[in-house]
Amino acid sequence: MTNIRSLFLATSLALATTVTGVSVAALTTTAQAATAEDLNADAKQALEKLYKANPTAKAVSEKAVAVLVFPNIVKAGLIFGGAYGEGVLQDGAKNHKYYNSLTGSWGLQAGAQSYGYAVFLMNKNAVKYLNDTHGLEIGVGPTVVVVDEGVAKNFSTSSLKDDAYAFIFDQQGLMAGVSIEGTKITEIKR
């Protein structure tokens with residue numbers, strides 16, 4: 001199944017980038033940080049940017065047990081699409097493990113974009129699930145609530161009850177909408 005997903009993503013990205021004029025090498029270089037130190041620095045900077053732009057995210061972070069940060073996800077698509085990026089799990093000031101984020105999609109879509117997202121893990125069970133399974137799939141396992149601008153306006157940190165809350169930030173490019181539903185997050189070595 002993993003080989004089929006990898007082949008599907010590679011084919012989708014190749015098709016999408018060929019049509020949109022973006023090279024696969026440029027996407028791969030943009031989406032991947034070269035070292036663990038680069039990922040740590042990018043994650044720190046991304047969180048600072050998120051907290052400055054979204055006070056709700058900052059408030060949630062203060063109650064979270066850990067945060068999984070993907071500072072730069074690159075997405076491209078033309079009917080078939082894919083998104084990829086790498087991130088880090090942080091517990092306080094410590095950086096623990098590294099993960100990649102992989103999404104495949106199909107439907108009415110065209111273009112390319114980049115964005116980041118952070119998943120705030122609110123309890124030890126969510127962190128344990130992530131560690132025990134060496135990743136997770138959004139929509140399977142712990143309950144992950146995506147907090148968009150509409151939800152954030154009426155959001156209260158006093159009633160946090162779900163396992164995890166995800167915030168998407170820093171969207172750039174020419175593609176309508178971002179969804180992390182169905183995203184596969186897998187532990188990687190750095």
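The values are calculated or read from the model by the stated rules, or taken from the named source; none is laboratory data. Quick caveat, the model's predicted, so the values are computed rather than measured. Note that each Cβ is placed from the backbone with ideal geometry, even for glycine, and that neighbours are counted across all protein chains shown.
Find all pairs meeting these conditions: Cβ atoms under 7 angstrom apart; at least six residues apart or on different chains; first residue within region 32-58 and closer than 14 Å to Y115 by Cα; second residue surrounded by 14 or more Cβ atoms within 10 Å (Cβ to Cβ) and at pLDDT below 90. Pairs found: D42/A33; K49/D170. As a summary of the residue check, K124 satisfies the conditions (1) at pLDDT below 90; (2) loosely packed, with under 15 Cβ neighbours inside 10 Å except for the one numbered (1). Considering only residues that are β-branched (V, I, T) and more than 23 Å from Y129 (Cα to Cα), which ones fall in region 44-72? Scanning region 44-72 gives a single hit, T56. Return yes or no: is V144 at pLDDT below 90, surrounded by 14 or more Cβ atoms within 10 Å (Cβ to Cβ), of a type in the set (V, I, T) and out of contact with any helix residue (DSSP H, G or I) (no Cβ under 6 Å at 6 or more places or on another chain)? For V144, the condition - at pLDDT below 90, surrounded by 14 or more Cβ atoms within 10 Å (Cβ to Cβ), of a type in the set (V, I, T) and out of contact with any helix residue (DSSP H, G or I) (no Cβ under 6 Å at 6 or more places or on another chain) - is met.
Only one residue in K75, K58 is part of a strand (DSSP E or B), basic (K, R) and at negative phi. Which one?
Matching residue, one of K75, K58: K75.
When the residues of region 78-94 are filtered to those that are over 17 Å from the mean Cα position of the chain (by Cα) and among the small types (G, A, S), the one that is surrounded by the fewest Cβ atoms within 10 Å (Cβ to Cβ) is A93. Residue check: T29 meets all listed conditions (1) modelled with pLDDT under 50; (2) exposed (fewer than 13 other Cβ atoms within 10 Å of the Cβ); (3) more than 19 Å from the chain's Cα centre (by Cα) but one, namely (3). Within region 127-141, the set of residues being modelled with pLDDT of 70 or more and exposed (fewer than 12 other Cβ atoms within 10 Å of the Cβ) comprises D132 only.
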